[in-house]
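What follows is a single structure, written as structure tokens, with notes after it.
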Amino acid sequence: GSGLGSFMLEKLNDHFPKKLIQTYSVFPNWDQSQSDVVVQPYNSILTLKRLTLNADAVVVLDNTALNRIAVDRLRLPNPTVDQLNSLVATIMAASTTTLRYPSYNNNDLIGLVASLIPTPRCHFLMSGYTPLVLKESAAVSSVRKTTVLDVMRRLTQTKNIMVSTSTRQGVYISMLNIITGDDIDPTDVHKSLQRIREKRLVNFIPWGPASIQVALARKSPYVTTSHKVSGFMLANHTSMSSLFERSLGQYDKIKKRNAFLDNYRKEPMFKDNLDEFDDAREVVQNLVDEYKACERPDYASF
């Protein structure tokens, strides 16, 4: 859970200050009526502070988006926890493909993260994957064509992204596509990038290099898949700020009434005062402001 996760994150950062820490963080359902924890907004803000200050890269996965993808893309009317976990596992495995099957570039975590995160605070990454197939529904995949162009085009579509924000608002700070498959022709990749640029499918920041990085990876010899090519995207996008704004809105709603704070007061950290909440809120608000500033040409002087 968020409490133990935050505690471990702080301890790891204290003990290994020079090591890169990357986390895969599942954000809660945004619809409060679907949540089974009433203090979820408090926990979210307290955890976001730790993820901002103690992690170097956070791959954001979002329960709302995972449910949407399971229902809309995989046609599962009532996805089980196992099926949602299998989506998360797919993302985790895909994001480490180039580390496990080393190629010429992106073969260590520093190389992977350095190109995606230009400034330390803006390290929340959205992810996407196509074609998504669950083992039990392998026969009914809705995706037919898997050429390099199709895969790269689909990765730019909001419906394949594991976060409930729209990439139509805001701009990309950076973007990495990991294309997995055997015998991928690099000229196909260049042609695909050209088509994406011509159609203006992605908008980049005005103050940095506007390019999609592409890493080619080999398929695992031990896992059989029905598709020749699959694609994974890691992107740093300014629309991530809308996630944090949603968390702040939910937090302000219940903090205004000082609701459900008694359990926190029993903990040593909150015994004297509740300043930690205000401090965490300020950190998250600064994060939102920085992501919004990224969209402006004068961000360098922010």
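The values are calculated or read from the model by the stated rules, or taken from the named source; none is laboratory data. Predicted model, so just to flag it, every value in this text is computed and none were measured. Virtual Cβ from ideal backbone geometry, glycine too; neighbours counted across all protein chains shown. Each accessible area value is taken on the protein alone, full model and side chains, heavy atoms only, with ligands, DNA and RNA left out. Shrake-Rupley method; radii C 1.70, N 1.55, O 1.52, S 1.80 Å.
Overview of results
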| read-out | value |
| --- | --- |
| Residues of region 122-148 that turn out to be open to solvent by 20 Å² or more (accessible area, probe 1.4 Å) and modelled with pLDDT under 90, as a count | 12 |
| Residue match in region 207-224 (condition: open to solvent by less than 50 Å² (accessible area, probe 1.4 Å) and either more than 22 Å from the chain's Cα centre (by Cα) or at positive phi (or both)) | yes |
| Residue under evaluation L46, criteria (1) closer than 15 Å to S127 by Cβ; (2) surrounded by 21 or more Cβ atoms within 10 Å (Cβ to Cβ); (3) hydrophobic (A, V, I, L, M, F, W, C), criterion not met | (1) |
| Residue selected from region 49-88 under the condition among the basic types (K, R) and open to solvent by 30 Å² or more (accessible area, probe 1.4 Å), by the criterion nearest to the chain's Cα centre (by Cα) | R68 |
| Qualifying positions in region 168-184 - within 16 Å of L155 (Cβ to Cβ), open to solvent by 20 Å² or more (accessible area, probe 1.4 Å) and either in contact with a Pro (Cβ under 9 Å, 6 or more places away or on another chain) or in a loop (DSSP other than H, G, I, E, B) (or both) | R168, I184 |
| Cross-chain or 6+ apart pairs with Cβ under 7 Å, region 252-270 first and assigned to a helix (DSSP H, G or I), then open to solvent by 40 Å² or more (accessible area, probe 1.4 Å) and aromatic (F, W, Y) | I254/F260 |
| Residue in region 218-251 that is farthest from L134 (Cα to Cα), counting only those that are among the polar types (S, T, N, Q) and outside any helix (DSSP H, G or I) | T238 |
| Qualifying residue in region 47-59 (condition: assigned to a helix (DSSP H, G or I), closer than 30 Å to E10 by Cα, of a type in the set (A, V, I, L, M) and at pLDDT below 90) | no |
| Residue within region 186-203 that is under 14 Å from the mean Cα position of the chain (by Cα), within 30 Å of E245 (Cα to Cα) and at pLDDT 85 or above present | no |
| Conditions (1) at pLDDT below 90; (2) of a type outside the set (V, I, T); (3) open to solvent by less than 80 Å² (accessible area, probe 1.4 Å); (4) touching a helix residue (DSSP H, G or I) at 6+ places or on another chain (Cβ under 9 Å): number failed by A235 | (1) |
| Of all residues making up region 1-42, the number that are in contact with a Pro (Cβ under 8 Å, 6 or more places away or on another chain) and either part of a strand (DSSP E or B) or at pLDDT 90 or above (or both) | 0 |
| The lone exception for V229 - which of (1) touching a helix residue (DSSP H, G or I) at 6+ places or on another chain (Cβ under 7 Å); (2) open to solvent by less than 10 Å² (accessible area, probe 1.4 Å) it fails | (2) |
